[in-house]
1. Order these by the 10 Å Cβ neighbour count, fewest first: K73, K280.
2. If neighbour count is taken as other Cβ atoms inside 10 Å, put E10, E76, E262 in order from fewest to most.
3. Take S64, S139 and order them by how many other Cβ atoms sit within 10 Å, fewest up front.
4. Spelling out what I want: for every residue of segment 115-120, take phi, set θ = phi - 60°, compute 6.51 cos²θ - 1.76 cosθ + 1.60 (Karplus), and round to whole Hz; glycine and proline get x.
5. To the nearest 20 debye, what is the magnitude of the charge dipole of the chain about its Cα centre, counting +1 on the Cβ of each Lys and Arg and -1 on the Cβ of each Asp and Glu?
6. Can you tell me the orientation of helix 4-22 relative to the chain, as the angle in degrees between its alpha-carbon axis and the longest Cα principal axis, to the nearest 10?
7. Compute the long axis of helix 218-232 from its Cα atoms, compare it with the longest principal axis of the Cα atoms of the chain, and write down the angle in degrees, 0 to 90, nearest 10.
Amino acid sequence: MTTTPTWTRERPRLLGLAYTVLGTWEDAEDAVSEAWLRLHRVTGTAQEPQDVPAWLTVVVSRLSLDAATTAAKRRETYTGPWLPEVVVADTADRVVLGEGVDLAFVRILQELRPVDRVILVLAEVADMSHQEIAGVVGSTPAATRQRLRRARATLAGPHGEETDPAPRLVDRATLDALATALDAGDLGSLVEQLSEGCVLWTDSGGLSRAARNPVYGADRVTRFLTGLVGKYGMPRVSVVHTVAGPALHAVSTDMTRVVSLELTGDGRIGGIQVQQNPGKIH
């Protein structure tokens, strides 16, 4: 059986799965590459899988779980909020993951324990049964079902309203219009779209001046953004496409930031991810 065509077809999906669990592109690529090596070793032997995509999903999921568990320990000493890496899809060797992955979903998943991230992604993205998921994480179907229910409740917030839609990124057309307005110095075009409960996170990894804690509420977020503009001037703003959706590319006198905007269920901006850790912008 020739596995190369299958691998070429499956690689973007597998990268999306690993990146969603891990939030880091290099670790996701490592997991997917290791899965390919393992597939290559068993091809042509008695261990060669009959269902290659399903086999790869299991292997990548297990590797991602191991990597996420190790990363969780490192994040305990991380300075300030931890946000997903931003990988700009502007060169031929970048794999665009498509609409199934976006930075809003990747961010909220990081609030879960590694095993719960894997369970939720396999259930909601890979559409696997609890029996299959239990085999991946080394548990039972009943236990995975319970963990999935708790994970969804955690992501829904303190009221546990699992029917609330997950945040999603602002679409490209809206970002284009917003970038044009911001580039012309119109900060109000962003501020007027903030929800009352808007939250702003800044990830600097302690490598630059940044808010060490999330900024809550439209008023405080507005003052924070106004303060940045007052200190460094209005940045040059454009839209870039990352492997996990569109984002704003803001170049100020002090640094370059990549800003991802999250929409709430009512269509207002409920989350602002400001990635300014240079080691997490690729």
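Readers should treat all values here as calculations from the given coordinates under stated rules, not as data from a laboratory. Treat the numbers as computed from the prediction; the structure is a model and nothing was measured. Here the Cβ is made from the backbone with ideal geometry for all residues, glycine too, and neighbour counts use every protein chain on show.
1. K73, K280
2. E76, E10, E262
3. Sorted ascending by nearby Cβ count, the order is S139, S64.
4. Per residue, the Karplus-derived 3J(HN,Hα) values read 5, 6, 4, 4, 4, 5 Hz.
5. 700 debye
6. 50 degrees
7. Relative to the chain, helix 218-232 is tipped by roughly 70 degrees.
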